[in-house]
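Comments concern the structure below.
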Amino acid sequence: MPDSPPRDLVVVAGASGFVGRSLGAAMAGRYRLRGLSRRDRDGTDGFERFVRCDLLSLEQTVRALVGARFAVYLVHSMLPTSRLTQASFEDLDVLCADNFARAAAKAGVEQIVYLGGLIADEHGALSEHLRSRLEVERVLAGTGVPVTVLRAGIVLGVAGSSYQILSRLVRRLPVMICPRWTQTRTQPVALDDVVALIDFSIGERRCFGRTFDIAAPDVVSYLHLMQRVAARSGRRRWWLKVRYFSPGLSRLWLSLVTGVPRALAKPLVESLRHEMTARDDALAQMAGRTMIDLEEALGRAIEGETPLDVDPFASASRSSPTRSTVTSVQRMALPPGRDAAWAAGQYAAWCGRVMGWFLRVTVGDDGSVALALRGVGAVMLLLVPEVDAAHDGSRFAYRLAGGALAVPDQSGSFEFRQIPGETTLLTIVRDFEPRLPWWVYRATQAIVHEWIMRAFAHWLRHRP
């Protein structure tokens, strides 16, 4: 018998999430599956192996995608493990997506499949959460790798965060206050359908470079969805509709009752004002799949529940910061025709001009930058250019090589990053370990750094 052809390698980012685990089980045996995880894991759920990878690190992401033919991106709103984070969830999302896109292009990946969110029609007034989903779609396609986008609303599965929020509200509140957002229409989708359509899209040339909405046939309000959860669970509940209920109170309410971290509750609540329904079912038709209706999807989710709460937010608590390092991502706009390498050079000169009255800035022949207080001999921070980043105008990175404010021989970096095809510039500090005690650092150096980057962003916008 001739040898069977080698199976293609598929790398799944977000493999330890509830969609990723189900996808691995469905695709096992037909592909070689490599899952990316932020913690050490053994190969399970159909994955031959898991690779420890922090998507905020370009170097780790590049190594993780070596040899992949296809890649699946199931990541949203990554929470870094640094002890201090100066970044919005949107900026963390765009950095992770850009790292993944660059790594996929370098590895020769033929297709990225991205599970995003249904987008409301009123694009000009989208919430930060939905704008971030659209930006991730754009950034993933920015390096030229064909991207297939599957947009879904609430995924009905027992371990899904959105489903668990609804289920916990129903289980824990005999009387439920129903703000105006509970009347918003939405179109959920069954977990089995999501997995099947991702599986179908991988390697399907008709899907390359296209965006699809995926949803169950039923369009319902959030209130109706909770009422159906209560009915299918055999719970009698009373629903008290209120006309006014501020987003701030809604965030607090969801966080206290369901346990969802407040940082995740904020973008979720802000998105609830949008009606998120599917435009068509083109992908389901292409795949020849009849989508599971709402009642069947709810039944499958409820059957999978146990007496103990399924906690989809436990990974966030388990990933609570343990390293005494800093992650800082600041977004700014580049002037037309400029790139990250130009911005890095301007930054050193700008620091010398604007803060020259107290800061001495010295640029060496090798491009290194030394920052020191005037009248003090010791260098505060020493920035040494990274050789592997200097060749690409869209990236310019420094290694934080020491100084009075940094722990010696630490691996921190300071990078200027341009999103391909855009004027968006990110300044990124990663793995920086300050020498100052943490309470002193937070009250001094951290505040100064954030102020300096905002001032530099203002200068870029109004550059003479």
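The values are calculated or read from the model by the stated rules, or taken from the named source; none is laboratory data. Predicted model, so just to flag it, every value in this text is computed and none were measured. Every residue, glycine as well, gets a Cβ built from its backbone with ideal geometry; the counts of neighbours run over all protein chains shown. Just the protein is used for accessible areas: all its heavy atoms, side chains included, with ligands, DNA and RNA removed. Shrake-Rupley method; radii C 1.70, N 1.55, O 1.52, S 1.80 Å.
Brief remarks on what is shown
- Per residue, the accessible area of the chain comes to 45 Å², computed with a 1.4 Å probe over protein heavy atoms only.
- Annotation: amide H-H contacts under 5 Å for VAL379 (H modelled 1.01 Å from N, sequence separation of 5 or more, or interchain): ALA404.
- Computed over the stretch 374-455, the ratio Rg/Rh where both radii use C-alpha atoms and Rh is Kirkwood: 1.01
- Relative to the current alpha-carbon distance between ASP40 and ASP280, full extension at 0.36 nm per residue lengthens the span by 82.4 nm.
- Normalised per residue, the volume of the convex hull around the Cα set of the stretch 1-158 (Å³): 138 Å³
- With the convex hull constructed from alpha-carbon coordinates only, the stretch 317-460 shows a mean projected area of 9.8 nm² over all directions.
- Close amide H contacts of PHE212 (hydrogens built in the peptide plane, cut-off under 5 Å, sequence separation of 5 or more or a different chain): VAL149, LEU150, ARG151.
- Label-to-label distance, LEU359 versus ARG273, with points set 7 angstrom from Cα along the beta-carbon direction: 3.8 nm.
- Computed extension length for TRP438-SER324: 40.2 nm, one decimal, from 0.36 nm per residue of separation with the Cα-Cα distance subtracted.
- When only alpha carbons are used to place a centre, the stretch 417-464 and the stretch 178-220 end up 38 Å from one another.
- Derived scalar couplings ³J(HN,Hα) [the stretch 202-218; Karplus, 6.51 cos²θ - 1.76 cosθ + 1.60; whole Hz; x for Gly, Pro]: 5, x, 7, 4, 5, 9, 5, x, 10, 10, 10, 8, 10, 6, 5, x, 8
- Averaging 1/r over each pair of different alpha-carbon atoms in the chain and inverting the result gives 24.0 Å, the Kirkwood hydrodynamic radius.
- Cα-based shape type of the stretch 111-157, given that a ≥ b ≥ c are square roots of the gyration tensor eigenvalues and the cut on a/c is 1.5: oblate
- Considering all different alpha carbon pairs of the stretch 1-63, the Kirkwood hydrodynamic radius works out to 12.2 Å.
- Entry note, the chain: the mean residue ellipticity at 222 nm calculated from DSSP H runs of n ≥ 4, each adding -39500 (n - 2.57), is -11000 deg cm²/dmol after division by the residues and rounding to the nearest 500.
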